[in-house]
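Taking it in order: structure first as structure tokens, then the write-up.
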Amino acid sequence: MWQRFKRDRTGVICAVVVIFYFVVALLAPVLTKLSGTDPYTLYGQDPTYNDTPVLDEFGLPLGWFGGLSGSHWFGVEPQYGRDVFAMLVYGMRTSLFMAVGVTVLLMVTGIVIGLIGGYFGGRTDYWIGRVTDFFLSFPQQLFFIAFMPVVTAFFVDPREETPTYFRALAMLIVLWLLGWMGMARLVRSTVLSLREREFVEAAKVSGASPGRIVRKEILPNVVTPILVQFTYQLPSTILTIAFLSFAGVGFVEPTPDWGRLFAAGSQYAQQDPAFIFFPGVALVIFVLAFNLLGDSVRDAFDPKSGR
């Protein structure tokens, strides 16, 4: 598989791009220190920076293309003057780390449920299938918007500010509850075909326990679809997290987040369309690279592929 993947130039380039994004997210504090900015300072309102104004009297960035300068590499935010570069790298950090945690959790849940339903079959598979159908019946986007405020209001007094860590936990729970079903169905369908194979029957005849058969015989043979599904699920989760923040039920001010950047960009679209340029390009490149990486991983695992 590795030899086939290395021959795929598109896959290698996309892998480098994806790794670059994660490195940038990890090194966000270092990068903002090098740029001399941070995502929270209001450079357009802080009196400390009156000697170098970044906004005009209308609250719009001074300079070319949203206020690009040696001090603000990607410009500044209208009205507040926050540094776009700092908000972007910290927003990438928030979104990527959150998406990785959610994706790993729902993948593990889907794998366990799919293995149990596919291997044991019968009534176990029937009831697991009905539970899966129940969760699939929820309209996800509407449920996200409706359920997020309920989760936060249940544990936090509406008169108090909801802590950022609790918003992250609430999003993780909602995305987990509504995201494991696709993985479970994929694993179940694969296990249904594997459990009738000769090597599984041989393991049963030799007296191996169901747990050992699942771990040693079946699970290694479902690694390929799991890896491929992971490469598709992660960018989808990032877009969902961005959607929640854009809709106002995810991360809010002043937490840097990709979705919140788009929400702010929609307000400044007419006055300063350059504000959304760098966050938008960054998100498009990441999602495209990860999707193409998923295609390359699938082709590398597929011996019948012509690539």
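The values are calculated or read from the model by the stated rules, or taken from the named source; none is laboratory data. Being a predicted model, the structure only gives us computed values, none of them experimental. With ideal geometry, Cβ positions are generated from the backbone for all residues, glycine too; neighbour counts draw on all protein chains shown. All accessible areas refer to the heavy atoms of the entire protein, side chains included, with ligands and DNA or RNA removed. Shrake-Rupley method; radii C 1.70, N 1.55, O 1.52, S 1.80 Å.
Among the helices (runs of 4 or more DSSP H) contained in region 195-307, which hold 1 or more residues that are open to solvent by 40 Å² or more (accessible area, probe 1.4 Å), of a type in the set (K, R) and touching a residue at least 12 places away in the same chain (Cβ under 8 Å)?
Passing ranges, in order: 277-301.
Being touching a Leu at 6+ places or on another chain (Cβ under 7 Å), under 30 Å from M148 (Cβ atoms) and either modelled with pLDDT of 85 or more or not polar (S, T, N, Q) (or both) holds for only one residue in V214, V187, V200, and it is V187. Taken together, the residues in region 114-150 that are in contact (Cβ under 8 Å) with a residue 40 or more places away in the chain and hydroxyl-bearing (S, T, Y) amount to 2. Screening region 129-138 for residues that are of a type outside the set (G, A, S) and closer than 19 Å to L175 by Cα and picking the one that is least open to solvent (accessible area, probe 1.4 Å) gives T132. Could you tell me whether G280 is within 30 Å of F58 (Cα to Cα) and in contact with a helix residue (DSSP H, G or I) (Cβ under 6 Å, 6 or more places away or on another chain)? Taking the combined requirement at face value, the residue does not satisfy it. If we scan region 75-86, do we find a residue that is touching a strand residue (DSSP E or B) at 6+ places or on another chain (Cβ under 7 Å), modelled with pLDDT under 90 and aromatic (F, W, Y)? Checked region 75-86: no residue is touching a strand residue (DSSP E or B) at 6+ places or on another chain (Cβ under 7 Å), modelled with pLDDT under 90 and aromatic (F, W, Y).
Of all the listed residues (V104, V100, V76, V54), the sole one being open to solvent by less than 10 Å² (accessible area, probe 1.4 Å) and either of a type outside the set (S, T, N, Q) or closer than 18 Å to M181 by Cα (or both) is V76.
When G63 is tested against the conditions (1) under 23 Å from Q270 (Cα atoms); (2) buried (at least 16 other Cβ atoms within 10 Å of the Cβ), the lone failure is (2). Residues that are closer than 23 Å to V200 by Cα and not basic (K, R) within region 116-128 comprise I116, G117, G118, Y119, F120, G121, G122, T124, D125, Y126, I128, listed in sequence order. Annotation: of all residues in region 121-149 being closer than 30 Å to V249 by Cα and not in a helix (DSSP H, G or I), the one that is modelled with the highest pLDDT is S137. Among the conditions (1) part of a helix (DSSP H, G or I); (2) surrounded by 16 or more Cβ atoms within 10 Å (Cβ to Cβ); (3) β-branched (V, I, T), the only one that T162 does not satisfy is (1).
Only one of the numbered conditions (1) in a helix (DSSP H, G or I); (2) within 30 Å of L227 (Cβ to Cβ); (3) among the small types (G, A, S) is violated by A153, and that is (2).
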